[in-house]
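Notes follow the structure.
The values are calculated or read from the model by the stated rules, or taken from the named source; none is laboratory data. The structure displayed is predicted, hence computed values, not measured ones. With ideal geometry, Cβ positions are generated from the backbone for all residues, glycine too; neighbour counts draw on all protein chains shown.
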Amino acid sequence: MQHLGARDPLKVISVAPVIAHRGASGDAPENTLAAVRLASEQGATWVEVDAMVTRDGHAVIHHDDELGRCNDGRGWVLRRDLADLARLDAGSWFAPCYAGERIPTLDALVQTVLALDLGLNLEIKATDGWEEPTVEATVAVLQRLWPANRPLLVSSFSERVLRHTAAALPGVAMGYNVTAIPRNWEDRLQALGASSLHCHYQASLTPSVAAAIKRAGYGLLCFTVNRSADARRVLDWGADGVFTDYPRRLLAENPAR
Ligand code: G3P
Ligand code: MG
């Protein structure tokens, strides 16, 4: 386990070096309870999933602003009520055996993660302009269901989301997601109060930037790493962990140092 958040002792959490991305999303439909259960069966101890908000203010697990890629719905998530989303099939697109799998509520996702004793990286995906209602809905569930002594990492590409999250959950460890690492990464992490930087493993990461991030006391997680050789490389550079669609493969081929 790698320790994130060395800069702020109140936010230190231990994160596994292999994190199941959207659950075991290479082998099950992404962001479903089936994908989370499969990640656990495959040996993962941490999962990452994406949270969004419905028109009627419920946090749900879904990656895209619009429905359709991973379910039989259409239109914008923020223009649908929870009851509409609950009817959608989020499994058939992946394989017939997953027919009837649903878009999970954050409630159900949290209950599943806790029952499986997994660590959680909840990535908040707010449609531009809807940062505040998205954070509000998400935080309400976390405050109600997430035990204080369990590892939780909230992350986002959106600085607005992270600022709202920090205000609502001042003690929570936060990850700042970027594709390419900005030149002023340290100023941004500090201003946001983030514990870790989460970046694309190829876009701009180099051994010297990885070392600088670690020297500065921040965690470093890389997405989305599906080949063991790539995982080994970034872990050797100092990354604390990788997000992967194939936890079984990466765990079996042991990319951890
Ligand atoms: O949180 C890491 C990773 O999930 C960020 O990218 O698009 O897969 O949510 P994305
Ligand atoms: Mg994500």
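What number of residues within the stretch 135-151 satisfy the criterion of being within 15 Å of ligand 1 (Cβ to nearest atom) and surrounded by fewer than 20 Cβ atoms within 10 Å (Cβ to Cβ)?
0
For residues in the stretch 180-201 being part of a helix (DSSP H, G or I) and among the aliphatic types (A, V, I, L, M), which is surrounded by the most Cβ atoms within 10 Å (Cβ to Cβ)?
Leu189
Quick one: how many residues across the stretch 155-179 are more than 13 Å from ligand 1 (Cβ to nearest atom) and assigned to a loop (DSSP other than H, G, I, E, B)?
Qualifying residue count, the stretch 155-179: 4.
What are the pairs with Cβ atoms under 9 angstrom where one residue, in the stretch 99-113, is on the phi < 0 side of the Ramachandran plot and the other, located anywhere, is assigned to a loop (DSSP other than H, G, I, E, B) and acidic (Asp, Glu)? Sequence gap at least six, or different chains.
Once the first residue is on the phi < 0 side of the Ramachandran plot and sits in the stretch 99-113, its partners that are assigned to a loop (DSSP other than H, G, I, E, B) and acidic (Asp, Glu) give Ala99/Asp89; Glu101/Asp89; Arg102/Asp89.
If a residue has to be part of a helix (DSSP H, G or I) and in contact with a Leu (Cβ under 6 Å, 6 or more places away or on another chain) to count, how many in the stretch 215-257 make the cut?
Qualifying residue count for the region: 2.
In this structure, does Ser204 turn out to be more than 14 Å from ligand 1 (Cβ to nearest atom), assigned to a helix (DSSP H, G or I) and among the hydroxyl-bearing types (Ser, Thr, Tyr)?
no
Taking Arg144, is it in a helix (DSSP H, G or I) and among the basic types (Lys, Arg)?
Considered against the rule, which asks whether it is in a helix (DSSP H, G or I) and among the basic types (Lys, Arg), Arg144 comes out as yes.
Could you check, for the stretch 9-22, whether at least one of its residues is without any contact (Cβ under 8 Å) to a residue 24 or more places away in the chain, within 16 Å of ligand 2 (Cβ to nearest atom) and either closer than 27 Å to Ala239 by Cα or assigned to a strand (DSSP E or B) (or both)?
Within the stretch 9-22 (the criterion being without any contact (Cβ under 8 Å) to a residue 24 or more places away in the chain, within 16 Å of ligand 2 (Cβ to nearest atom) and either closer than 27 Å to Ala239 by Cα or assigned to a strand (DSSP E or B) (or both)), the answer is no, since none of the residues qualifies.
Considering only the stretch 66-98, state which residues are touching a Ser or Thr at 6+ places or on another chain (Cβ under 7 Å), surrounded by 15 or more Cβ atoms within 10 Å (Cβ to Cβ) and part of a loop (DSSP other than H, G, I, E, B).
Listed by number, the residues that qualify are Arg80, Ala90, Gly91.
Considering only residues that are buried (at least 16 other Cβ atoms within 10 Å of the Cβ) and either within 13 Å of ligand 1 (Cβ to nearest atom) or over 18 Å from the mean Cα position of the chain (by Cα) (or both), which ones fall in the stretch 213-226?
Once the filter is applied, which keeps residues that are buried (at least 16 other Cβ atoms within 10 Å of the Cβ) and either within 13 Å of ligand 1 (Cβ to nearest atom) or over 18 Å from the mean Cα position of the chain (by Cα) (or both), the stretch 213-226 yields Ile213, Lys214, Gly219, Leu220, Leu221, Cys222, Phe223, Thr224, Val225, Asn226.
Listed residues Leu38, Leu78, Leu67; which is away from ligand 2 (no atom under 16 Å from the Cβ), modelled with pLDDT of 95 or more and more than 19 Å from Phe94 (Cα to Cα)?
The unique qualifying residue is Leu78.
What pairs can you find where one residue is in the stretch 123-147 and within 11 Å of Arg160 (Cα to Cα), the other is of a type in the set (Lys, Arg) and more than 16 Å from ligand 2 (Cβ to nearest atom), and their Cβ atoms are less than 6 Å apart, with a gap of 6+ or different chains?
Here the result reads Glu131/Arg160, each pair linking the stretch 123-147 to a residue that is of a type in the set (Lys, Arg) and more than 16 Å from ligand 2 (Cβ to nearest atom).
Only one of (1) buried (at least 20 other Cβ atoms within 10 Å of the Cβ); (2) more than 16 Å from ligand 1 (Cβ to nearest atom) fails for Ala35. Which number is that?
That leaves (2) as the condition not met.
Please pick out the residue among Leu120, Leu116, Leu109 that is within 15 Å of the chain's Cα centre (by Cα) and more than 30 Å from Gln190 (Cβ to Cβ).
After ruling out the rest, the residue left standing is Leu109.
When the stretch 47-63 is examined, which residues are found to be within 13 Å of ligand 2 (Cβ to nearest atom) and in contact (Cβ under 8 Å) with a residue 60 or more places away in the chain?
Matches in the stretch 47-63: Val47, Glu48, Val49, Asp50, Ala51, Met52, His62, His63.
Go through (1) within 16 Å of His3 (Cα to Cα); (2) in contact with a Pro (Cβ under 7 Å, 6 or more places away or on another chain) and name the single condition Ser228 misses.
Unmet for Ser228, out of (1) within 16 Å of His3 (Cα to Cα); (2) in contact with a Pro (Cβ under 7 Å, 6 or more places away or on another chain): (1).
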